[in-house]
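The values are calculated or read from the model by the stated rules, or taken from the named source; none is laboratory data. Computed from a prediction, not measured in an experiment: that's the story for all the values here. Because the Cβ atoms are built from the backbone with ideal geometry, glycine has one as well, and the counts that use them run over all protein chains shown. Ligands, DNA and RNA are stripped out before the accessible areas are found, and what is left, the full protein with its side chains, is counted by its heavy atoms. Shrake-Rupley method; radii C 1.70, N 1.55, O 1.52, S 1.80 Å.
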Amino acid sequence: MDNAAIEEMFETLGPVTIKRMFGGKGVYFEGVIFALEVDGEILLKGDDRTGPTFEEAGSRRWAYDGKGKPVNMPYWSIPEEAYDDPDEMARWVRLAYEAALRAKK
């Protein structure tokens with residue numbers, strides 16, 4: 001996904017910074033990473049508070065292969081309905097940023 005598309009996706013939050021990392025991209029707002037782009041897919045930060053909400057919405061948790069077994073990371077796929085509804089996308093983006101702020105503390 002190109003940077004312009006990522007910036008547009010998160011415009012309700014404000015101007016984001018995009019940095020290359022781990023073969024993908026990190027998406028930051030005010031210096032806090034709250035999303036990743038991995039293999040063309042955007043993943044949003046989750047935590048113990050928001051993980052169940054992502055799961056209920058049909059999102060899948062991102063995991064990578066760590067020496068033969070999956071390692072779950074605190075990032076979730078964006079619920080499908082958010083792609084067609086800017087207000088819904090804004091809700092998920094805010095949840096991800098709030099989770100990132102909690103993780104930073």
Taking segment 71-92 and the residues there that are farther than 22 Å from G24 by Cβ and either assigned to a strand (DSSP E or B) or without any contact (Cβ under 8 Å) to a residue 12 or more places away in the chain (or both), the one that is least open to solvent (accessible area, probe 1.4 Å) would be E88
Is it true that A35 is aliphatic (A, V, I, L, M), over 12 Å from A96 (Cβ atoms) and open to solvent by less than 50 Å² (accessible area, probe 1.4 Å)? no
The condition from (1) open to solvent by 50 Å² or more (accessible area, probe 1.4 Å); (2) at pLDDT below 95; (3) assigned to a strand (DSSP E or B) that K19 misses is numbered (2)
Look at segment 22-50 and say how many of its residues are outside any strand (DSSP E or B), under 18 Å from E80 (Cβ atoms) and touching a Ser or Thr at 6+ places or on another chain (Cβ under 9 Å). 1
Of the residues that make up segment 2-11, is at least one part of a loop (DSSP other than H, G, I, E, B) and open to solvent by less than 40 Å² (accessible area, probe 1.4 Å)? yes
Could you check, for segment 47-70, whether at least one of its residues is open to solvent by less than 40 Å² (accessible area, probe 1.4 Å), of a type in the set (V, I, T) and within 10 Å of the chain's Cα centre (by Cα)? no
Given the conditions (1) of a type in the set (A, V, I, L, M); (2) crowded, with 19+ Cβ neighbours inside 10 Å; (3) touching a strand residue (DSSP E or B) at 6+ places or on another chain (Cβ under 6 Å), report the number of the one that L95 does not fulfil. (3)
